[in-house]
Amino acid sequence: MKSTVLLLTLFSLFGCTSPTATPQPPVQDTLIRATNFNGKGGIEIEGYRWTSQNDAKGNGLMLRDVENRSTNLRPKPAVDEDTQAMLNSSIAQAGTLTINQVMYGAQYEMYFWFMENQRGAQRSMSVEIEEERFDDPIGNLPYKHWSRFGPYPVDLSDGELNIVLTTADPKQNAEIMGMLLVKPE
């Protein structure tokens, strides 16, 4: 009887709690650009100040035929308010999403934020930066789950950063919430 009471007590203390998120190590390089797609600027995520998509367009961001999207989901694992706002705003395009950014040539590292916001979609997207395709796709997460993907090394020489995200299933939308570009120290 005592062991049953002890087990019930332990279950009530530990069995009903939500698992805590294991944070990813922070990016600690020099900020070049942090873009919140279809969201507001002036937010801070992982110690970096992010700009809105509109402000980024004023600084050389080029998007063509994208669909701006907004959701109101609680990401899993849980995040702070600014990160939640960023994960609930995105750009999407059927099959392939192309992002271009005018910038000075140099060596950079890129990160992308993605949250699966379509029940059961679990999209997998290939990443191509400056015509280099990376082996590890991004996405393929359960509904409401998110992740930061990267770093992807970039050796830019021509003054325009070219990014292509392509879904494994062309009927699904390639979609991205945030993009961070840093200069490694």
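Read-outs: derived from the displayed coordinates by stated rules, not from any lab. These figures come from a predicted structure and were not determined experimentally. When we count neighbours, we look across all protein chains shown, and the Cβ atoms used for this are built from the backbone with ideal geometry, even at glycine.
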Charge dipole of the chain about the Cα centre (unit charges at C-beta), most positive-ward option of Leu141, Gly178, Gln28: Leu141
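GluC sites (Glu not before Pro), restricted to segment 117-173: which are DSSP loop and have at most 14 other Cβ atoms within 10 Å?
Details: sites: Glu128, Glu130, Glu131, Glu132, Glu160; in loops: Glu130, Glu131.
Qualifying residues, ordered by number: Glu131.
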Dipole of segment 21-117 [Lys/Arg +1, Asp/Glu -1 at C-beta], most positive-end residue of Ile91, Thr51, Val66: Val66
Quotient of Cα Rg and 2.2 N^0.38 Å for segment 27-183, N being how many residues it contains: 0.95
Of all DSSP beta bridges in the chain, antiparallel share, percent nearest 5: 95 percent
Gaussian network model of the chain, springs between alpha carbon atoms under 10 Å - residue of Arg74, Arg119, Arg133 with greatest fluctuation: Arg119
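With runs of 4+ DSSP H residues as the only contributors, calculate the mean residue ellipticity of the chain at 222 nm using -39,500 (n - 2.57) per run, divided by the residue total and rounded to the nearest 500. Please report the intermediate quantities before stating the final value.
Working: 3 runs with 21 residues, N = 185.
About -3000 deg cm²/dmol.
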Cα-based Lys proximity count in segment 27-183, under 24 Å, for pairs eight or more positions apart or on separate chains: 7
Relative contact order for segment 75-185, counting Cα pairs under 8 Å that sit 6 or more residues apart, in percent: 43 percent
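Compute the relative contact order of the chain as a whole-number percentage, counting only Cα pairs closer than 8 Å that sit 6 or more residues apart in sequence. Intermediate values should be presented prior to the final figure.
On the way: 411 pairs, mean separation 50.7, N = 185.
The normalised contact order for the chain reaches 27 percent.
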Inter-probe distance in nm under a simple model that places probes 7 Å from Cα toward Cβ, at Asp169 and Leu31: 3.7 nm
Arg119-Asn72 pseudo-label distance in nm [points 7 Å out on the Cα-to-Cβ vector]: 1.7 nm
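With the cut-off at 1.5 for a/c, could you classify segment 40-101 from its C-alpha gyration tensor as rounded, prolate or oblate? Intermediate values should be presented prior to the final figure.
Working: a/c = 2.45, a/b = 1.31, b/c = 1.87.
In terms of gyration-tensor shape, oblate.
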